[in-house]
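Notes follow once the structure below has been shown.
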Amino acid sequence: MKTAIVTGVTGQDGSYLAELLLSKGYRVIGLKRRTSLINTSRIDHIFSHENLSLEYYDLEDSGCIYKLIHYYEPDEIYNLAAQSHVRVSFDMPEHTVNGVAIGPLKILEAIRNMNLCDKIKFYQASSSEMYGDNPEYPFNETSRLMPASPYACAKVFAHNIVRNYRESYGIHASSGILFNHESPRRGETFVTRKITLAAARIKLGLQDQLCLGNLDAKRDWGHAKDYVVAMWKMLQKISPSDYVISTGETHSVKEFLEEVFDCAGLDPYKYLKIDARLFRPHEVPYLLGDSTKARKELSWTPEHNFKTLAKDMYEADYKQMLNSEGRYGHIEKALRGAI
Ligand code: NAP
Ligand code: GDD
């Protein structure tokens with residue numbers, strides 16, 4: 001039985017990846033940081049799986065990673081943990097950079113210092129955000145990185161250090177340059193989920209306004225369920241490499257808004273308020289990926305498209321809101337305009 005360590009297991013991708021690995025017969029060691037409230041809702045359904053164990057971990061704690069590698073002797077490590085919100089990275093640059101850039105370096109150092117370079121395969125969650133405001137799209141593995149936020153700058157460091165350790169020490173380390181991917185498990189402060197939650201709540205009379213920032217930004221949006229398959233496939237290759245994972249279609253925030261409100265049978269412009277505070281100090285205006293390499297070398301193809309993604313997310317939120325009587329209301333009120 002293979003053993004995989006997954007950092008960020010309580011996150012969107014961590015939860016789907018843990019599910020996938022368990023379904024493939026892996027023993028999964030999910031690493032979560034300590035939180036004052038239990039935040040395992042995305043993995044509650046697999047919580048009692050006999051092959052899943054949870055351990056405390058923090059990106060900033062080197063000792064933890066040495067201890068866990070020594071104890072569990074993993075075959076694969078997937079580094080998904082991060083302060084992953086781009087806007088928040090402008091407010092908390094040091095915290096973001098410490099975790100996003102130095103966190104993966106700590107893991108790579110542990111692998112190297114424990115003489116496990118030829119034993120452990122490593123996956124790094126790189127990001128399309130690294131292309132920043134490069135105008136020369138579509139982006140592939142060799143496109144110029146022009147990061148436009150503290151988050152993206154940190155991801156560029158991590159991306160480069162992974163390649164450096166691969167080339168210097170022969171570690172089987174691959175980076176997936178994943179374009180935006182969403183799902184019903186997406187964090188509520190990312191724009192797609194903010195929109196699907198709002199549409200569901202407006203439909204049920206639980207909300208009367210949706211505050212958004214830049215509607216013109218374009219993203220290559222895929223479904224997280226499809227994207228974790230690509231992560232796993234990268235680590236099954238004989239040789240490590242970097243791969244762009246994307247749908248090859250781009251849509252504006254405005255198009256996503258209209259698609260979702262159409263699913264709800266609502267006119268979005270009756271409820272929309274543009275809030276200047278939601279614009280970023282430096283925007284990434286246009287992301288479009290070219291995943292030819294992954295489609296060819298990994299035989300990877302996404303099953304979802306823009307329309308099925310929007311529908312899946314809206315329907316899941318509508319169902320959830322029907323049952324929860326809008327328990328997110330107070331959070332939305334407290335954070336309005338800030339995220
Ligand atoms: P997410 O839902 O925000 O999950 C992030 C995970 O990291 C959560 O489990 C979080 O724990 C954990 N975490 C945050 N700070 C930590 C720290 N200091 N120590 C340990 N764990 C920490 O993000 P995601 O969408 O699943 O993304 C997974 C990874 O892919 C991230 O590295 C992200 O930057 C990258 N990525 C995402 C996308 C995308 O579109 N989703 C695209 C490209 C790259 P809590 O649950 O306690 O917050
Ligand atoms: N979050 C948010 N909230 N974004 C808004 C809003 C709003 O109210 N209004 C407009 N936007 C715009 C943002 O300015 C951005 O252009 C776009 O919607 C997408 O924002 P997010 O959903 O926050 O995602 P992101 O593209 O910044 O970052 C995500 O994708 C990256 C990959 O490209 C995150 O998942 C990152 O972790 C990931 O690396």
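The values are calculated or read from the model by the stated rules, or taken from the named source; none is laboratory data. Model, not experiment: these values are computed from the prediction. As a convention, Cβ positions derive from the backbone with ideal geometry for all residues, glycine included, and neighbour counts pool all protein chains shown.
No other residue among LEU212, LEU178 is under 27 Å from ILE102 (Cα atoms), within 8 Å of ligand 2 (Cβ to nearest atom) and buried (at least 18 other Cβ atoms within 10 Å of the Cβ) apart from LEU178.
Assess whether ARG219 counts as being closer than 30 Å to SER324 by Cβ, surrounded by 21 or more Cβ atoms within 10 Å (Cβ to Cβ), within 15 Å of ligand 2 (Cβ to nearest atom) and in contact (Cβ under 8 Å) with a residue 12 or more places away in the chain. Judged against the criteria, ARG219 is a match. In segment 39-56, the residues that are without any contact (Cβ under 8 Å) to a residue 60 or more places away in the chain and of a type in the set (D, E, K, R) form Cβ pairs under 7 Å with partners that are part of a strand (DSSP E or B) and within 16 Å of ligand 1 (Cβ to nearest atom), at six or more places apart or across chains, as follows: GLU55/ILE29; GLU55/LEU31. Checking segment 227-243 against the condition returns no match, with no residue being over 26 Å from SER143 (Cα atoms) and either at pLDDT 95 or above or within 14 Å of ligand 2 (Cβ to nearest atom) (or both).
Yes/no matrix, rows are residues, columns are (1) touching a strand residue (DSSP E or B) at 6+ places or on another chain (Cβ under 9 Å); (2) modelled with pLDDT of 95 or more; (3) within 8 Å of ligand 1 (Cβ to nearest atom):
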| position | (1), (2), (3) |
| --- | --- |
| THR7 | yes, yes, yes |
| ASP13 | yes, yes, yes |
| ALA18 | yes, yes, no |
| PHE47 | yes, no, no |
| LEU59 | yes, yes, yes |
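Tell me which residues, restricted to segment 95-151, are within 12 Å of ligand 2 (Cβ to nearest atom), assigned to a loop (DSSP other than H, G, I, E, B) and either of a type in the set (A, V, I, L, M) or on the phi > 0 side of the Ramachandran plot (or both). Residues satisfying the conditions are GLY132, ALA148. Residues in segment 174-212 that are within 16 Å of ligand 1 (Cβ to nearest atom) and among the basic types (Lys, Arg): ARG185, ARG186, ARG193, LYS194.
Looking only at segment 94-112, residues that are in contact with a strand residue (DSSP E or B) (Cβ under 8 Å, 6 or more places away or on another chain) and either surrounded by fewer than 21 Cβ atoms within 10 Å (Cβ to Cβ) or of a type in the set (Gly, Ala, Ser) (or both) come to 1 in all. Working only within segment 167-217, note down all residues that are among the acidic types (Asp, Glu) and within 22 Å of the chain's Cα centre (by Cα). If the condition is that a residue be among the acidic types (Asp, Glu) and within 22 Å of the chain's Cα centre (by Cα), then GLU182, GLU188, ASP216 are the ones that fit. In summary, helices (runs of 4 or more DSSP H) completely within segment 187-265 and bearing 1 or more residues that are under 30 Å from THR3 (Cβ atoms) occur at 224-236.
In segment 47-93, the residue that is surrounded by the most Cβ atoms within 10 Å (Cβ to Cβ) out of those that are of a type in the set (Asp, Glu) and away from ligand 2 (no atom under 16 Å from the Cβ) is GLU76. Kindly evaluate ASN115 against the criterion of being away from ligand 1 (no atom under 11 Å from the Cβ), without any contact (Cβ under 8 Å) to a residue 60 or more places away in the chain and surrounded by fewer than 18 Cβ atoms within 10 Å (Cβ to Cβ). Against the criterion (away from ligand 1 (no atom under 11 Å from the Cβ), without any contact (Cβ under 8 Å) to a residue 60 or more places away in the chain and surrounded by fewer than 18 Cβ atoms within 10 Å (Cβ to Cβ)), ASN115 qualifies. With respect to the conditions (1) more than 15 Å from ligand 2 (Cβ to nearest atom); (2) within 18 Å of TYR131 (Cβ to Cβ), SER246 lacks only one, and its number is (1).
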